[in-house]
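> Below is one structure. I have some questions about it.
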Amino acid sequence: MADTLFPLDDRARAYDRMAKALEWLGDSWQDWPALDEAARAMGLSPHHFQREFTRWAGISPKQFQGALAHGAAGDLLRQGASVLDASLETGLSGPGRLHDLFIAHEGLTPGEAKSGGKGAELTLGKAPTPFGMGAWLIGPRGLIALGFIDENASPRTGFEHQGRSEDAAFANLAARYPAASLRREDAAAERMARDVFEDGQPLPVCLYGTPFRRQVWRALLEIPAGQTRTYGHLAAAIEAPKAARAVGAAVGANPVSWFIPCHRALAADGRLHNYHWGVARKRAMLVYERAHLA
């Protein structure tokens with residue numbers, strides 16, 4: 001599905017401010033702050049804030065506040081559930097995904113994967129996404145991994161990552177295939193980003209994982225957009241009800257953020273935490289996809 005509300009570069013630049021706006025509105029919605037107050041908190045004029053928020057999220061700040069109030073979603077937001085009413089009944093092949101994916105599990109051969117990517121020629125590149133600047137890892141048959149870059153991220157606290165610098169994000173992706181031949185080509189990543197985010201073209205996604213991990217990743221795709229499931233629910237969905245911990249590990253090993261929606265998975269306590277690319281980004285993804293599919 002092409003996303004025409006906001007040029008991709010502008011959405012990437014707006015992401016940090018919009019993530020903060022979602023958090024601020026989620027914490028203050030019960031006070032019904034006026035547009036002026038919300039804009040001031042973001043350092044923008046009311047007109048600029050209204051325009052930027054609406055174009056990025058697909059709904060206005062007032063509509064977002066109304067959704068929080070009517071759905072009592074302030075608590076749900078902090079617990080990681082859907083922010084807006086979950087009114088769509090969707091399936092894997094229905095409108096439950098914002099993008100059409102071609103899943104090619106043989107993106108790397110078993111031999112290449114077991115040897116750390118030896119013999120594989122992969123491309124690293126930086127390109128914009130609606131959730132800030134993306135770190136893309138691309139193979140001959142499609143996207144192998146997607147992460148995110150946060151140059152001004154706060155330091156890690158405990159197990160919580162607030163984000164990674166460009167060098168750290170690329171190192172994180174490259175470490176998954178340490179023996180592969182890697183080259184840097186931002187233009188290749190930019191072409192892929194615009195193909196999928198602006199032109200709505202199907203995205204070839206190349207994955208290699210154990211049968212168990214592939215089963216978990218497919219279960220992630222079956223969660224309706226904007227909704228969430230605990231690791232326990234996912235374990236039950238793949239008929240392995242006692243394997244919630246292993247499911248959590250498989251979710252954490254998902255290399256293709258956003259497109260394989262690990263942001264829809266929660267630990268047993270239901271809180272937003274332990275997202276590989278920052279909790280604020282996980283919150284923003286859930287809000288964004290519900291707003292754009294409503």
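The values are calculated or read from the model by the stated rules, or taken from the named source; none is laboratory data. No experiment lies behind these values; they were computed from the predicted model shown. All Cβ positions, even for glycine, are placed from backbone atoms using ideal geometry, and neighbour counts span all protein chains on display. These accessible areas exclude ligands, DNA and RNA; they are computed on the full protein's heavy atoms, side chains included. Shrake-Rupley method; radii C 1.70, N 1.55, O 1.52, S 1.80 Å.
> In the range 183-205, how many are open to solvent by 70 Å² or more (accessible area, probe 1.4 Å) and modelled with pLDDT of 90 or more?
Number of matching residues: 5.
> Could I ask something else about it? Just to be sure I understand the filter: pairs with C-beta atoms under 6 Å, separated by 6 or more residues or on different chains, first member in the range 134-158 and over 20 Å from Asn254 (Cβ atoms), second member of a type outside the set (A, V, I, L, M, F, W, C) and modelled with pLDDT under 80. Which pairs pass?
Between residues of the range 134-158 that are over 20 Å from Asn254 (Cβ atoms) and residues that are of a type outside the set (A, V, I, L, M, F, W, C) and modelled with pLDDT under 80, the close pairs are Ala153/Gln162; Ala153/Gly163; Ser154/Gln162.
> Scan the range 245-284 for residues that are over 25 Å from Phe197 (Cα atoms), surrounded by fewer than 18 Cβ atoms within 10 Å (Cβ to Cβ) and of a type in the set (Gly, Ala, Ser) and jot them down.
Ala246, Ala249, Ala267, Ala268, Gly270
> Among the helices (runs of 4 or more DSSP H) confined wholly to the range 176-275, which include 3 or more residues that are touching a strand residue (DSSP E or B) at 6+ places or on another chain (Cβ under 7 Å) and in contact (Cβ under 8 Å) with a residue 12 or more places away in the chain?
186-197
> Can you find even one residue in the range 206-219 that is closer than 24 Å to Asp9 by Cβ, open to solvent by 10 Å² or more (accessible area, probe 1.4 Å) and not hydrophobic (A, V, I, L, M, F, W, C)?
Within the range 206-219, not a single residue is closer than 24 Å to Asp9 by Cβ, open to solvent by 10 Å² or more (accessible area, probe 1.4 Å) and not hydrophobic (A, V, I, L, M, F, W, C).
> How about the range 5-47: which of its residues are more than 25 Å from Arg191 (Cβ to Cβ), not in a helix (DSSP H, G or I) and not small (Gly, Ala, Ser)?
Listed by number, the residues that qualify are Trp32, Pro33, Leu44.
> Just give me the residues in the range 234-244 being among the hydrophobic types (A, V, I, L, M, F, W, C) and open to solvent by 10 Å² or more (accessible area, probe 1.4 Å), in sequence order.
Ala236, Ala237, Ile238, Ala240, Ala243, Ala244
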